[in-house]
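Let me begin by presenting the structure, written as structure tokens, before commenting on it.
The values are calculated or read from the model by the stated rules, or taken from the named source; none is laboratory data. What you see is a predicted model, and the numbers here were worked out from it, not measured in a lab. No Cβ is skipped: glycine too gets one built from the backbone with ideal geometry, and neighbour counts run over all protein chains shown. We work out accessible area using only protein heavy atoms, side chains counted, and drop any ligands, DNA or RNA first. Shrake-Rupley method; radii C 1.70, N 1.55, O 1.52, S 1.80 Å.
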Amino acid sequence: MIVANLATYPPRRENLAPVIAAIAPQVDRLNIVFNQYETLQEEATRAANINPIIPTEDTKDVGKFYPEVADEDLVFLIDDDMIYPDTYVDFVRDAVAPYAGKGFVAGFHGSLYKRPRLKTLFRPFVERRKVYFFKSRLREAIVVDQVATNAAVLPGSAMPPYAYMRDSQKFVDVRLAKWSHEHGHPHICLAREDHFLDDILFDETIYADFTLKNHAHVTREVKTYAFRTPGRG
């Protein structure tokens, strides 16, 4: 089964309908975790294959790992601030076909951490990285240390359980990379043309409100897998 997992909350409702309209026709099931909602919204009925979920706690971005999936599923992790083309799922399925039968995480926004040099020695560790930005062209797929969950895909068998991810709110990309490293699953940044994907800019973002603050506990997790992926780069 082709499954997509999305976590959303009220301030992002503006872009929820376009994301549903783009993704729902391309998948067998679209799981939507409605954080901070008390009742299901009209968007939950936009398509028959939507599985709406109001969680018992505010899962934030970890909500993408809240719905149960089967090992044989192909799971797309998506965000409520992204613009996905109507060819997205077919394009990705073709791109990951060479990895079928294996554990992997593939996506369009990847990071390669860099070892310190004299001029970067005093920069925060998580800022010492080469980022393959999802809006930019990438000629060939490349193995990276970390793939962002704004546009990622993995087999259900490679999905970490919610209990493992639960306390990684706002740094799910790091925790997913840690899990993948522990289980021998490479992270692959996929080839694409410029602006195959795009996004909607909201005032409140995890990157601005959390990532840029370089939290020590996040850095410790990054150091468990950075530079250690076979074939990286």
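Tabulated data for the structure shown
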{"read-out": "The stretch 181-212, subset under 23 Å from S136 (Cβ atoms) and of a type in the set (G, A, S), residue modelled with the highest pLDDT", "value": "A191"}
{"read-out": "Among (1) surrounded by 14 or more Cβ atoms within 10 Å (Cβ to Cβ); (2) among the charged types (D, E, K, R); (3) within 24 Å of D71 (Cα to Cα) - the single one D28 does not satisfy", "value": "(1)"}
{"read-out": "Cβ pairs under 8 Å, 6+ apart, first in the stretch 10-39 and over 15 Å from D79 (Cβ atoms) and aromatic (F, W, Y), second open to solvent by 30 Å² or more (accessible area, probe 1.4 Å) and outside any helix (DSSP H, G or I)", "value": "Y37/Y9; Y37/I54"}
{"read-out": "Enumeration of residues in the stretch 138-178 that are under 14 Å from G103 (Cβ atoms), free of Cβ contacts under 8 Å to residues at least 60 places away in the same chain and either in contact with a Leu (Cβ under 8 Å, 6 or more places away or on another chain) or not in a helix (DSSP H, G or I) (or both)", "value": "V147"}
{"read-out": "Subset tally (residues that are of a type in the set (G, A, S) and open to solvent by 60 Å² or more (accessible area, probe 1.4 Å)) for the stretch 160-176", "value": "1"}
{"read-out": "The stretch 149-205, residues that are over 26 Å from L16 (Cβ atoms) and of a type in the set (V, I, T)", "value": "I188"}
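Residue-wise test of (1) of a type in the set (V, I, T); (2) open to solvent by less than 70 Å² (accessible area, probe 1.4 Å); (3) farther than 22 Å from G156 by Cα.
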position: L40; (1), (2), (3): no, no, yes
position: R46; (1), (2), (3): no, no, yes
position: P55; (1), (2), (3): no, yes, no
position: G63; (1), (2), (3): no, yes, no
position: Y88; (1), (2), (3): no, yes, no
position: K102; (1), (2), (3): no, no, no
position: P116; (1), (2), (3): no, yes, yes
